[in-house]
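J.: Below you'll find the structure I mean.
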2 protein chains.
Amino acid sequence: MLHKTPRTTPSRYANQRAHYDQEQIYAILDEALFCTVSYAEDNQPFSIPQSYIRVGDHIYLHGSVGSHFVRILSEGHPACISVMLADEIVVAKTAFHHSINYRSVVIFAKGEIVEDQELKYQAFKALTEKMVPDSWDYLKPMSKKEMDKTTAVRFALTEASAKMRQGAPGHEESEMDLPIWTGVISIKPIRQAPVPDEHGKKVPLPKHLLKSAKGS
Amino acid sequence: MLHKTPRTTPSRYANQRAHYDQEQIYAILDEALFCTVSYAEDNQPFSIPQSYIRVGDHIYLHGSVGSHFVRILSEGHPACISVMLADEIVVAKTAFHHSINYRSVVIFAKGEIVEDQELKYQAFKALTEKMVPDSWDYLKPMSKKEMDKTTAVRFALTEASAKMRQGAPGHEESEMDLPIWTGVISIKPIRQAPVPDEHGKKVPLPKHLLKSAKGS
């Protein structure tokens, strides 16, 4: 269970929708592929969508060595990292009661460059396997040169919280019997069959991508 | 074409990946359902995923009248709003060349409360129709009381840019002939068939949701 802080306490629905359970937070972080990373200069926020990977109690981001964004983050500016899985559109009898079923995480942390080469390698591997499960051993092994071209920045998962909404739409008692359809529409992404490029056409689809072709 | 500013010029791939064309920016904003809104206090950024709607040259967010977040935004703090459509995982011969095909928009703006009741109504309507196309006239009409319970905050689309990556993976000439599969895997969300809740079961599925059931 993570420690609740003023920054991770929402102003509304704090009891129903906010969660500090590590397992719940990590499950969301492991399912989502992308986060939005924000930092500020002179109170002007800058946000960038990024892929990321959780390894242990840290989130790892990767960026080109030359990237301004990565440099700023690695300098230890306070960052806010948010993740959202949009699961369902919640359809109510009134526009007012329409909602979204989602699972989100917000993290407050400062970045630090990953200097440890083994940690950096493991984070690359974990990110690749998250994007394309079971693919690491099939790919051309990562070279020292490729490692050096990329900066990995990590953020400790000490101040984080999850928020979620699940289930049916809310409604007013007085509206319950109106003949208007209510329910949910799933909008989760589902992986489609892999499509080869001109080089990929010359190579058989490997087993680990066959799995992905059947939906995950 | 929007005016390019230092804040909307990325440090890398500025020529290949950054776009200032209004039509491109608006197309992304109209396709995505969610954005991440950030503001900062004492250079500490705070980010919240939100649904939103573009109407004309503004983005509209809705929030409960009591929400801290909405209050802060409506006070005119500098905000950064980012949107990302993750389209495809780009599978290369090396982990290093793996990538994501995406379309993203970043907006810098200050929020203002929408006091005009007609504008506020139209933004509600547009948001509802974006979430569930053609549903507005079918729902119980929005009441004055419901309008009053919600604050709408809008942001002008004057300083914004789009970034995108599309197409096949990059590769080194020397790796081109390695027998490793390359291509893309689509990860776009596709709407699934509507699922009724206990009240929805008693009502026939309306025509506009039948369409959604066939995928959009």
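The values are calculated or read from the model by the stated rules, or taken from the named source; none is laboratory data. Keep in mind the model is a prediction, meaning the values are calculated, not measured. Don't worry about glycine lacking a Cβ; one is built from the backbone with ideal geometry, like all the others, and counts go over all protein chains shown. When the accessible area is computed, the model is the full protein with side chains, heavy atoms only, and any ligands, DNA or RNA have been set aside. Shrake-Rupley method; radii C 1.70, N 1.55, O 1.52, S 1.80 Å.
J.: What spacing in nm lies between the two simple spin-label points modelled at B:Val55 and B:Val203, each 7 Å away from Cα in the Cβ direction?
T.: Each label point lies 7 Å from its Cα, and together they span 2.3 nm.
J.: While we're on this one: At a 1.4 Å probe, what is the % contribution of carbon and sulfur to the accessible area of the protein assembly as shown?
T.: That share works out to 52 percent.
J.: Same structure, new question: How large is ³J(HN,Hα) for each residue in the range A:62-75, as worked out from phi by the Karplus curve 6.51 cos²θ - 1.76 cosθ + 1.60 (θ = phi - 60°), to whole Hz, x for Gly and Pro?
T.: Rounded to whole hertz, the list is 10, x, 5, 4, x, 6, 4, 4, 5, 5, 4, 5, 6, 7.
J.: Related question: Between 0 and 90 degrees, rounded to the nearest ten: what's the tilt of helix B:22-31 against the longest Cα principal axis of chain B?
T.: 70 degrees
J.: For labels at A:His68 and B:Glu146 in the simple 7 Å Cα→Cβ model, what's the distance in nm?
T.: According to this spin-label approximation, the distance is 4.4 nm.
J.: Could you tell me the calculated FRET efficiency between B:Arg17 and A:Glu115, based on Cβ-Cβ distance and R0 = 41 angstrom, to the nearest 0.05?
T.: Efficiency at R0 = 41 Å is approximately 0.90.
J.: Next question, about the same structure. Taking a ≥ b ≥ c as the square roots of the Cα gyration tensor eigenvalues, with a/c under 1.5 meaning rounded and otherwise prolate when a/b beats b/c, else oblate, which class fits chain B?
T.: oblate
J.: Return one quarter of the surface area of the convex hull spanned by the alpha-carbon atoms of the protein assembly as shown, equal to its mean projected area, in nm².
T.: It is 21.1 nm².
J.: Quick one: 3J(HN,Hα) in Hz for the range A:130-145, Karplus 6.51/-1.76/1.60 with θ = phi - 60°, rounded, Gly and Pro as x.
T.: Each residue of the range A:130-145 in turn: 6, 5, 9, x, 6, 9, 4, 6, 7, 6, 4, x, 5, 9, 4, 4 Hz.
J.: Please list the non-local residues whose amide H lies under 5 Å from the amide H of B:Lys93, H modeled 1.01 Å from N, same-chain partners needing a gap of 5 or more.
T.: The answer is none.
J.: So who's got an amide H within less than 5 Å of the one on B:Arg54, skipping anything under 5 residues away but keeping other chains? H placed 1.01 Å off N, in plane.
T.: For B:Arg54, whose amide H was placed from the backbone, the distant partners under 5 Å are B:Tyr60.
J.: Is the C-alpha gyration tensor of the range A:77-140 telling us rounded, prolate or oblate? Criteria: a/c under 1.5 is rounded; beyond that, a/b larger than b/c is prolate, otherwise oblate.
T.: Oblate, because a/c is 1.5 or more while a/b does not exceed b/c.
J.: Tell me the per residue accessible area of chain B using a 1.4 Å probe; a whole number in Å² is fine.
T.: That works out to 46 Å² per residue.
J.: Determine, from the Cβ-Cβ distance of B:Ser174 and B:Thr5 and an R0 of 35 Å, the FRET efficiency 1/(1 + (r/R0)^6), rounded to the nearest 0.05.
T.: About 0.30, to the nearest 0.05.
J.: Using Cα positions and a limit of under 21 Å, work out the lysines in reach of B:Lys145, with same-chain residues fewer than 8 apart set aside.
T.: Reachable lysines: A:Lys93, B:Lys120, B:Lys125.
J.: For the range A:125-216, run through the GluC sites (Glu not before Pro) and keep only the ones in DSSP coil with at most 11 other Cβ atoms within 10 Å of their Cβ.
T.: A:Glu198
J.: Within the range A:155-216, how many lysine pairs that are 8 or more places apart, or on different chains, have C-alpha atoms less than 30 Å apart?
T.: Pairs that pass both the separation and distance tests number 9.
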